[in-house]
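Working notes, structure below.
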Amino acid sequence: IEYDMQFCKDDSQYETFKDGFWGLSACDGPNGYRAYGAVFGGTDGTVAPYAMIGSLPFTPNRSKEAILKMWTLKNELYGRYGFVDAFNIDQNWRDLDYIGIDVGTEVLMTENYYTGMVWKYFMQVPYVQKALDLIGAKHLSTPATATTQIATSVSTGQSIGYSIVENFSSPYGKYGLGAWTGGTSLATDANVQIISDSEFGHVFEIYFDVDIPGSYNGAWLNLANINLNQTLDTSKYSKIIFFVKSDSATPMNFKIELKSPNNGSEYFYVKGIGQKWAEVVVPFKEFKKYLWTNPTDFSHLTQMTFVFENNLDVVDSGHVYIADVGFEK
């Protein structure tokens, strides 16, 4: 997608690209159906709206920008079933047809952007899970360039060969993830996505904003397929491990929770997180139980939650990045 965008941006011979549009893919063109592409497909200035809309989960800002640009031309580009299949400003051409698989891409990927539902249920298919287990990339050791730091109240150290449950190699996580808000938080105060990272391949990016008094929000990460009543047995382990950094110049704190189906929920405060990757190792015995819940059943874990609270720390908003969540004996 990024190469597609850059190719169109750099190719100044077409007015379509000069106007900020991109999205080279198979679609109708002024001279018939064609598999447009930045390298092998060639182009004549024709772009496909479904390629821009279908990229929403991966490039939300650039996709939204393109969608808004198309909306300014809605009298020419928008019809009964949404945006046209393709258009070419240079040749003053727009497609008069709607192609089902292209409209379907827009619908499915828009849903994935807002809720992740399509990916979530697709990832629950046993055959898909098996395939990912067989071909998915796994980190077998701490990346050589990652800096291990000591965060206050957190035991740290090299943990080569630990069992990684989630390495964020799939778009919506292995079993599902998402943002949540509570208290006085607004719906826009938390957002999550999986992004590329040079150290780990992919990481979990959490945006939080708890500037409003009484607000709290964060992100959740399923550790098992809870829709099939599955749980994760970590009884043979004694510690949870993950890597974390933030975009804050001021060291920050947040809370992690581990949950089980018996209304078990225990928490631990992670402190002193900065802008360099830190390996966090928390023994299960360091977790504390909420007064209103049962102890977490570590043989039946379902979810890990990241919690940011107003007045918990001097950092009230920003981004936190999580990588390689796993467990160690």
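The values are calculated or read from the model by the stated rules, or taken from the named source; none is laboratory data. Please read these numbers as outputs of a predicted model, since none were measured by experiment. Glycine also receives a Cβ, built like all others from the backbone with ideal geometry; neighbour counts cover every protein chain displayed. Ligands, DNA and RNA are stripped out before the accessible areas are found, and what is left, the full protein with its side chains, is counted by its heavy atoms. Shrake-Rupley method; radii C 1.70, N 1.55, O 1.52, S 1.80 Å.
Which value, in debye to the nearest 20, describes the size of the charge dipole of the stretch 166-320 about its Cα centre when Lys and Arg Cβ atoms bear +1, Asp and Glu Cβ atoms bear -1, and nothing else is charged?
With only Lys, Arg, Asp and Glu charged at Cβ, the dipole is about 540 debye.
Compute the label zone of E328 within the stretch 226-260: residues whose backbone N is under 11 Å from the point 7 Å along Cα-to-Cβ.
238-243
Residue farthest toward the positive end of the dipole of the chain, with Cβ of Lys/Arg at +1 and Asp/Glu at -1: which of L223, N112, I240?
Value computed over the given set: I240.
Could you pull the Cα extents of the stretch 212-260 along its three principal axes, largest to smallest, in whole Å?
Principal-axis extents of the stretch 212-260 (Cα, largest first): 38, 25, 16 Å.
Could you order E111, E2 by accessible surface area, starting with the largest, using a probe radius of 1.4 Å?
Working: E111 65, E2 120 Å².
Descending order: E2, E111.
Which residues in the stretch 203-224 have a backbone N closer than 15 Å to a point placed 7 Å from the Cα of D247 along the Cα-to-Cβ line?
Only 203-210 fall inside the zone, counting backbone N under 15 Å.
Accessible area per residue, 1.4 Å probe, Å², for the chain: what's the number? Before the final figure, lay out each step's value.
Working: 16220 Å² over 329 residues.
Spelled out: the 1.4 Å probe surface of the chain, per residue, equals 49 Å².
When only alpha-carbon atoms are used, what values of Rg and Dmax, in angstrom, describe the stretch 32-123?
13.7, 42
Once amide H atoms are placed 1.01 Å from N in the peptide plane, what residues at a sequence separation of 5 or more from I89, or on another chain, have their amide H within under 5 Å of its amide H?
T16
On full extension of the chain, what length is gained from K236 through D97, given 0.36 nm per residue of separation minus the C-alpha to C-alpha distance?
Using 0.36 nm per residue and subtracting the Cα-Cα distance, I get 44.2 nm.
Quick check: at a probe of 1.4 Å, how many percent of the accessible area of the stretch 255-329 sits on carbon and sulfur atoms? The partial results should precede the final answer.
Working: 1530 of 3100 Å².
After summing per-atom areas, the C and S share lands at 49 percent.
Calculate the radius of gyration of the Cα atoms of the stretch 186-329 to one decimal place, then report Dmax, the largest Cα-Cα distance, as a whole number, both in Å.
15.0, 42
Within the stretch 225-329, list the GluC sites (Glu not before Pro) lying in a DSSP loop whose Cβ has at most 11 other Cβ atoms in a 10 Å radius.
Values: sites: E257, E266, E279, E286, E309, E328; in loops: none.
Taking the stretch 225-329 and a limit of 11 other Cβ atoms within 10 Å, no loop GluC sites (Glu not before Pro) are found.
By its C-alpha gyration tensor, with a ≥ b ≥ c as the square roots of the eigenvalues, how is the stretch 54-105 shaped: rounded for a/c under 1.5, else prolate for a/b larger than b/c, else oblate?
Note, shape of the stretch 54-105 comes out oblate.
Keeping all protein chains in place and using 1.4 angstrom, which order do I67, I241, I226 fall into by accessible surface area, from largest down? Can you show the working numbers first?
Details: I67 40, I241 0, I226 65 Å².
So, going from the largest accessible area down, we get I226, I67, I241.
If amide hydrogens are placed 1.01 Å from N in the peptide plane, which non-local residues have theirs closer than 5 Å to the one on N262?
Distant-sequence amide H within range of N262: D297.
In nm, to one decimal, how far is the modelled label at K130 from the one at W180, with both set 7 Å along Cα→Cβ?
Here the modelled spin labels are 3.3 nm apart.
How large is the dipole of the chain about the Cα centre if only Lys and Arg carry +1 and Asp and Glu carry -1, each at its Cβ, rounded to the nearest 20 debye?
Roughly 1100 debye, rounded to the nearest 20.
Just checking my list (i) 32, 60, 8; (ii) 32, 58, 11; (iii) 28, 49, 22, 1 against P(r) over Cα pairs in 20 Å bins from 0, in percent computed from this structure; which label fits?
(iii)
Going from most exposed to least, what order do E106, E15 have by accessible area with a 1.4 Å probe?
Of E106, E15, the descending order of accessible area is E15, E106.
Nearest 20 debye, what's the magnitude of the dipole of the stretch 165-241 about its Cα centre given +1 on Lys and Arg Cβ and -1 on Asp and Glu Cβ?
The calculation lands at about 380 debye.
To the nearest 10 square angstrom, how much accessible area does K289 have with a 1.4 angstrom probe?
80
To the nearest 10 square angstrom, how much accessible area does Y321 have with a 1.4 angstrom probe?
40
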